[in-house]
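First comes the structure, then the notes that go with it.
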Amino acid sequence: MAHEKHHDAESLLHRLWQECLTPKKYLPLEESINISLPHRYYDSNSSRRETKCLTLPNNNPSLFDIQEEREQALRDYKVTIEYKHLKSHAPGGVYLVPTLTDLRHFHGIIFVRRGPFTNGVFKFQLRLPRLYNDTSQHPTIHFFSPVYNPHVDFETGALDIPTAYPVWDPARHYLVTVLTFLKKIFYAKTFQDAVANPVARELQETDSAAYREKVDACVRESQRQVFQNKQDSTAVFTEEELAHRVLRDLLKQNVKDPAQISKQAILSMIDKASNV
C-alpha cells in the first residue's frame, strides 16, 4: 500500500508538471483546474477503491507562466546568437553595440564611404520587440540626425522596414538582414518601392540637383552631431585630443602596411618616441 501511495504521488506531480508545460493550458485567475488524480485510496471500513478528482484554484500565476518564460528565454538566446553572428557578417561600415540594461536595445552607426551620402556618419538606435523571433515581429530603427532618404520618415527618423519586409520571418530574417537593408538605402540609385518619404522620392526622380543639396545638408549635419552622444548610448564618440594626433602621425610615418602591424610593434614604437 505504501508503495502504491508513493507511486500515486509521483504520478500526481508528473500530471501537474505536464499541465504547467503544455501550451494553451493557462486559465484566467478566477477560474480553477479540475484534475482527475491517478490516486486510489482505501476507505478505512472498506476495501473499495475510488478515483478522486482534485480541484486546484488558479491562484498561483507562476505555475502557469512556466511555458511563456521558457519561450521568452529561447527568444533571448536567439537574440544573443544573432548578435554574435554579426561579428563576422555585419555589413561593412555598420556597427552595432547593445545597451547595458536591455538585451533588445542597441545603438549603432553607419559610415557611408561612397555615393550621394559620402562621408556621412549616421547614428541610430535599433529596438527589438519583446516577441522578436516570432512571425511579423519587426525590428525598428530610428536615426538621431536627419536623413533625407525616400526610405526614412524625415520627421521621426524611422527607417521603413515593414515595406521592405511585409512579413518578418524569423527563419529567414535576422539582425544582419535589417542592417544590410539599412546600408543599402544610402547606396541605392532608384527608390520605386520607397513610401516613407514620397516627397524625397519625387524630388530624386525629377530634380536630382535639388535632391543632392538636401542630402549634402544631412551629411554635414551628421558630421556636426558626431560628438553629441546620447545619455544612455554605448556608441560614444570623443573629440580628438593631442595624444590621438601624435599617435596617428607616428603610425603614418612608420607603418607601411597596416594589415601587417602587430600590437607589440605599436607599443615599441610609442615607447621609442616617448624617449626622444
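The values are calculated or read from the model by the stated rules, or taken from the named source; none is laboratory data. Keep in mind that what you see is a predicted model, and the values were worked out from it rather than measured. Here the Cβ positions follow ideal geometry from the backbone for every residue, glycine too, while neighbour counts run over all protein chains shown.
One table, with the values for the structure above:
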| read-out | value |
| --- | --- |
| Restricting segment 85-105 to residues that are touching a residue at least 60 places away in the same chain (Cβ under 8 Å) and assigned to a strand (DSSP E or B), the residue that is farthest from L74 (Cα to Cα) | V94 |
| Unique match (being closer than 27 Å to R127 by Cα and among the basic types (K, R)) among K214, K183 | K183 |
| Single match in R70, R114 (criterion: modelled with pLDDT of 55 or more, more than 19 Å from H142 (Cβ to Cβ) and assigned to a loop (DSSP other than H, G, I, E, B)) | R114 |
| Residue check for S222: in contact with a strand residue (DSSP E or B) (Cβ under 7 Å, 6 or more places away or on another chain), among the hydroxyl-bearing types (S, T, Y) and at pLDDT 95 or above | yes |
| When residues of segment 152-180 are limited to those that are within 15 Å of the chain's Cα centre (by Cα) and part of a helix (DSSP H, G or I), the one surrounded by the most Cβ atoms within 10 Å (Cβ to Cβ) | L179 |
| Helices (runs of 4 or more DSSP H) contained entirely in segment 187-276, each with at least 1 residues that are without any contact (Cβ under 8 Å) to a residue 24 or more places away in the chain and of a type in the set (S, T, Y) | 198-206, 208-224, 263-274 |
| Residues of segment 106-155 classified as within 14 Å of Y95 (Cβ to Cβ) and charged (D, E, K, R), total | 2 |
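One line per residue, one yes/no per condition, for (1) within 27 Å of H142 (Cα to Cα); (2) in contact with a Phe, Trp or Tyr (Cβ under 6 Å, 6 or more places away or on another chain); (3) surrounded by 13 or more Cβ atoms within 10 Å (Cβ to Cβ):
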{"site": "N197", "(1), (2), (3)": "yes, yes, yes"}
{"site": "C218", "(1), (2), (3)": "yes, yes, yes"}
{"site": "N229", "(1), (2), (3)": "yes, no, yes"}
{"site": "S233", "(1), (2), (3)": "yes, no, yes"}
{"site": "Q253", "(1), (2), (3)": "no, no, no"}
{"site": "I261", "(1), (2), (3)": "no, no, yes"}
{"site": "S274", "(1), (2), (3)": "no, no, no"}
